[in-house]
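Enquirer: Have a look at the structure that comes next, please.
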Protein chains: 2
Amino acid sequence: MTPAGYAVQQRGRFLAELKKLVSFPSVSAQPRHREDLRACALWLRDRLRAAGLAAELHPTAGHPVLVAKSKPRIAGPTVLVYGHYDVQPPEPLELWRTPPFAPVIKAGKMYGRGTSDNKGQILAHINAVVSYLATATPLPVNVIFCIEGEEEIGSPNLAPFLKRHAAELRADYVVVSDSALWGEDTPAVTYGTRGVIGFEVRVDGPNRDLHSGVFGGSLANPAMVLAQLLAGCVDAAGRVAIRGFYEDVLPLTAWERRQFRRLAFDERAYANQLGVPVLAGEKGFSALERRWARPTLEINGLTSGYQGPGQKTIVPAWASAKITCRLVPNQRPATIAALLRRHLRQHCPPGVRLTVSGEEGAAAFIQSPHSPAAQAAARALTKSFGQEPVFIREGGSLPILPVLQKTLGAEVLLLGLGTTSDNWHSPNEKFDLVHYRKGTAMSIALLTELGGLRL
Amino acid sequence: MTPAGYAVQQRGRFLAELKKLVSFPSVSAQPRHREDLRACALWLRDRLRAAGLAAELHPTAGHPVLVAKSKPRIAGPTVLVYGHYDVQPPEPLELWRTPPFAPVIKAGKMYGRGTSDNKGQILAHINAVVSYLATATPLPVNVIFCIEGEEEIGSPNLAPFLKRHAAELRADYVVVSDSALWGEDTPAVTYGTRGVIGFEVRVDGPNRDLHSGVFGGSLANPAMVLAQLLAGCVDAAGRVAIRGFYEDVLPLTAWERRQFRRLAFDERAYANQLGVPVLAGEKGFSALERRWARPTLEINGLTSGYQGPGQKTIVPAWASAKITCRLVPNQRPATIAALLRRHLRQHCPPGVRLTVSGEEGAAAFIQSPHSPAAQAAARALTKSFGQEPVFIREGGSLPILPVLQKTLGAEVLLLGLGTTSDNWHSPNEKFDLVHYRKGTAMSIALLTELGGLRL
């Protein structure tokens, strides 16, 4: 029997296994679930061992990382499948129509926390390897699973783990399914994501809130200074006005712009759905281009002075803003941080004290959509979904992707099996069982396609 | 005996009466004190009746207004003394070293809520009239006391009351002592105060907070639009950048600027006291000029998006700011409101919805410092304080002053008897008994001075 045939035959079992996997309340953010995470990882380890892989849990400062390798090692490429067994908190519980950790199938979809993010997607890849091994079909590639338990809390321990184990985990290709199809039936190769870096900008003025009548006019108003500093960060054309900000930006290619234009994307309907009168942003780019491939500077929050009802006539003692920049290839978070700090310092008037605090940030990710591996992935997607994939980018950040790319020296293939309506991080998360089945078929085809590539 | 001699002789009694007056917890903001306000007003009414005035409480929608008139009516000017018998809430009580409504004298100062604001100051004027009548000295002017019970909650019922009773309350001069001396020993004629008008500016964007990665760049960020709108309201020279804003501003005269320059005011020490590195504001004006005689646009508060610890990577659904403009003669609140609204509307980009809500505002007040009455007041101050007064303005707003001026057709003399260290509106409010005594002497002299003026 072929692996594909086996996968069809075993649908009932694969479904039961997804139900079982989703039933572990592996909420990484909640310390009371520590043992549930461990139990979930052990169940996965045992599943992979039973299939014939060498699987081990590796302790970290947080939740363990599961690593499983196919054996014996063959000549030919190595494919590392990355995923995570931890899930978002299910709260608010009262909004769930069925219990988050007692999965229920309704109208062809399985409901439960983690069904789509990421248990269903990772299990599709496991099912593929199981289908090869159960039918005694030689695996066309060496396979490594690396499944962590801390993705939903920012993967604090994964990058050091990958560095420590870089030699054992060396791979030619990394396959990640932790994202979405383009449409319900249209698969996608997501060949880029944006990076992100966050700051808190604080302006301190007088040592207390002051009466705006008695004192106002004689000293700088910290909230006004903050407004002016922030306003000065973006120009009238919607471009970030920080010198050097665009220096390292990889321009969109003509091919990319053509691809994006061809996508069915109705800007008017999108604006209506967001509830805004019209779209806005950097001049000269479409909405998709701005979301996927152009950097931004966004204010995430503002705090100053009196925020209650009515008026309080004060010059506030301080004002602060939270801002984040989304980054694109090849912007470096550290460079952007330095440019922003210099810009704010240079434009801050002498009547206040400025503090800019921030984090390290995460780089953007990009992989050529024209590589043999990307084309191999496209063939596997076409075969399993019955439709050619589109080549897209993603505006959000998957900080682990550039880390996988660099640490393992691998080409990363981001092949989402979920949909944007799967309620990730929301109540009533679900996974379409058609996508589970097609995802398994896709992974079986992908291993063959990648095995056929010349290294 | 002269009225001045009588006042010296009766010091003990006047002190006891101030103690009694302060012991009424006449907190207008707190409904539970309604009867205490009434008792306080009745005590004042009875005191004025006992002195020989025709005194009545007039009901309003809120707390009653006390009106007392000297009799018989003589030829010559009429002087209306305005004041208030209500006080600020005493909270936070734990910061008081002595009970707020059980006044205590320590080192020549009486401590208690309302001692300086406004019970001690209004009683000084009452003592003066008492001193004339008790010594059977003919009053040199007709005297009317108009003492309200709602000043600390914005005098909501006084303007309509004055309009209804304009004929009976017609006066040539209105004397108000509800402010401060320039220094501990230096009296002042405060011939101007600023007006004020407040707004809330709200910018609405998407119908919910959006993921700044998935959506950011494709729509206007309401917090950034707000920052840009606010930043555009003030230019690099610290001037309000709203077209027409300065149109009606009465320029400072050379005499005024000379007066202000002569005042002992150390900008360096003032900056240190406020805790700011350097002062700031509209170019071309001193700090005192900017506080007293130049209009401002101040941000009083900012609210948008995420304000907790760490980062939340969102495009916030909305952002809002509270702003107030301090106005100077002859700016009209309604005009300024219209200009600001037009300015914001014109500069608001199409990707958001703008809402500007606001109140009616209060006009600035100014009275010639060169008038015979102002000079008469200066003589009375010189005589009682042993020092010539300075002519100053005040940056805060006393909305009732222009109302008194216009409704009664009177010249308003603002002659503060408190000090800026009297802890108005703060715990441990106090009134210097030297100022109480000198204030009484000043009022006795003032009535004679004003009685001598030709109408």
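Each reported figure results from applying straightforward, stated rules to the coordinates on display, with no laboratory input. Not measured: the values here are computed from a predicted model. No Cβ is skipped: glycine too gets one built from the backbone with ideal geometry, and neighbour counts run over all protein chains shown.
Enquirer: Taking the Cβ-Cβ separation of B:ALA29 and A:ARG345 as r and a Förster radius of 45 Å, what is the calculated FRET efficiency to the nearest 0.05?
Expert: 0.50
Enquirer: Also: Report relative contact order for chain A in percent, whole number only (criteria: Cα-Cα under 8 Å, sequence separation at least 6).
Expert: It comes to 26 percent, rounded to a whole number.
Enquirer: Let me ask something else. Under a 5 Å amide H to amide H cut-off, with H placed in plane at 1.01 Å, what residues pair with B:GLY358 once short-range neighbours are removed?
Expert: Amide H neighbours of B:GLY358, under 5 Å, 5+ apart: B:GLU200.
Enquirer: What is the mean number of Cβ atoms from other protein chains located within 10 Å of the Cβ atom of each residue in peptide B:225-236, rounded to a whole number?
Expert: Taking the mean over all residues of the peptide, I get 5.
Enquirer: Where the centre of each part is set by its Cα atoms, how far does the range B:290-317 sit from the range A:140-207, in angstrom?
Expert: About 34 Å separates the Cα centre of the range B:290-317 from the one of the range A:140-207.
Enquirer: Once each part is reduced to its C-alpha centroid, what is the distance from the range B:213-269 to the range B:1-18 in angstrom?
Expert: 50 Å
Enquirer: Right, here's the next one. Out of every Cα pair in the range A:1-72, what percent are spaced more than 13 Å from each other?
Expert: 71 percent
Enquirer: Given points 7 Å out from each Cα along the Cα-Cβ axis, report the A:LYS20 to B:GLU168 separation in nanometres with one decimal.
Expert: 9.3 nm
Enquirer: Which distances in nm, rounded to one decimal and ordered from shortest, link the label point of B:VAL278 to the equivalent label points in the other identical copies, with labels set 7 Å from Cα toward Cβ?
Expert: Counterpart label points of B:VAL278 in the remaining copies fall at 4.2 nm.
Enquirer: Hey, which of these cross-link pairs are over 18 Å Cα-Cα: A:LYS20/A:LYS109; A:LYS106/A:LYS430; A:LYS71/A:LYS119; B:LYS109/B:LYS383?
Expert: Going by Cα-Cα distance, A:LYS71/A:LYS119; B:LYS109/B:LYS383 fall outside the 18 Å limit.
Enquirer: Ok, one more. Determine, for each peptide in A:178-188, B:295-305, the mean count of other beta carbons within 10 angstrom over its residues, then list the peptides with the highest first.
Expert: The most tightly packed comes first, giving B:295-305, A:178-188.
Enquirer: Another one. Could you work out, residue by residue across B:205-211, how many beta carbons of other chains sit within 10 Å of that residue's beta carbon, and then give the average as an integer?
Expert: If you average over the peptide's residues, the count of other-chain Cβ atoms is 4.
Enquirer: Considering every residue in A:314-324, what mean count of other chain Cβ atoms within 10 Å of its Cβ is obtained?
Expert: 5
Enquirer: Would you grab the residues whose amide H sits under 5 Å from the one on B:ILE314? Only those 5+ places off in sequence or on another chain, please, with H modelled 1.01 Å from N.
Expert: Result for B:ILE314 returns B:SER212.
Enquirer: Further question on the same structure: Convert each backbone phi in the range A:77-94 into a coupling constant with the Karplus relation 6.51 cos²θ - 1.76 cosθ + 1.60 (shift: θ = phi - 60°), then list the ³J(HN,Hα) values in order as whole Hz, x for Gly and Pro.
Expert: In residue order, the calculated couplings are x, 10, 10, 9, 9, 9, x, 9, 9, 8, 10, 5, x, x, 4, x, 4, 5 Hz.
Enquirer: Distances in nm, one decimal, shortest first, from A:ALA107 to the same residue in every other copy, taking the label point 7 angstrom along Cα→Cβ.
Expert: A:ALA107 label point versus its equivalents elsewhere: 7.9 nm.
Enquirer: Would you work out which of B:LEU210, A:VAL234, B:VAL175 lies farthest towards the positive end of the dipole of the protein assembly as shown? Charges go on Cβ: Lys and Arg +1, Asp and Glu -1.
Expert: A:VAL234
Enquirer: Can you run phi through the Karplus equation (6.51, -1.76, 1.60; θ = phi - 60°) for the range B:286-296 and list ³J(HN,Hα) in whole Hz, with x for Gly and Pro?
Expert: Karplus-based 3J(HN,Hα) across the range B:286-296 equals 6, 4, 5, 4, 5, 6, 9, 9, 10, x, 9 Hz.
Enquirer: Does the range B:233-276 come out rounded, prolate or oblate, given a ≥ b ≥ c as the square roots of the eigenvalues of its C-alpha gyration tensor, rounded meaning a/c under 1.5 and, failing that, prolate meaning a/b above b/c?
Expert: Oblate, because a/c is 1.5 or more while a/b does not exceed b/c.
Enquirer: Taking a ≥ b ≥ c as the square roots of the eigenvalues of the Cα gyration tensor of the range B:240-389, is the shape rounded (a/c under 1.5), prolate (a/b larger than b/c) or oblate?
Expert: Prolate shape, in that a/c is at least 1.5 and a/b is the bigger ratio.
Enquirer: If we sort B:205-218, B:271-284 on the protection proxy, mean other Cβ atoms within 10 Å, highest first, what's the order?
Expert: B:205-218, B:271-284
Enquirer: Determine the shape class of the range B:1-145: with a ≥ b ≥ c the square roots of the Cα gyration tensor eigenvalues, call it rounded for a/c under 1.5, and otherwise prolate if a/b is greater than b/c, oblate otherwise.
Expert: oblate
Enquirer: Kindly give the distances from B:VAL8 to its copy-mates, label point to label point, with each label point 7 Å from Cα along Cα→Cβ, as nm values to one decimal ordered shortest first.
Expert: 11.9
Enquirer: Angle between the Cα long axis of helix A:433-451 and the longest principal axis of chain A, 0 to 90 degrees, nearest 10?
Expert: Taking Cα atoms only, the helix is inclined about 80 degrees.
Enquirer: While we're looking at this one, here's another question. How large is ³J(HN,Hα), in whole Hz, for each residue of the range A:222-228 in order, when computed from phi with the Karplus curve 6.51 cos²θ - 1.76 cosθ + 1.60 and θ = phi - 60°, using x for Gly and Pro?
Expert: x, 5, 6, 4, 4, 4, 5
Enquirer: Next question. Would you tally the net charge around B:ALA321, using a Cβ to Cβ cut-off of less than 10 Å, leaving B:ALA321 out, and scoring K and R as +1, D and E as -1?
Expert: My count for the surroundings of B:ALA321 gives +1.
Enquirer: Continuing with this model, one more query. For A:VAL65, list long-range residues whose amide hydrogen, built 1.01 Å from N in the peptide plane, is under 5 Å from its own amide hydrogen.
Expert: Those qualifying (amide H under 5 Å, at least 5 residues apart or on another chain) are A:HIS58, A:THR60.
Enquirer: For the protein assembly as shown, take the convex hull of the Cα atoms, compute a quarter of its surface area, and give me that in nm², please.
Expert: Mean projected area of the Cα convex hull: 42.7 nm².
Enquirer: A further question on this structure: Sort the following peptides by mean Cβ neighbour count (other Cβ atoms within 10 Å, averaged over residues), highest first: A:260-266, A:400-406, B:241-247.
Expert: A:400-406, B:241-247, A:260-266
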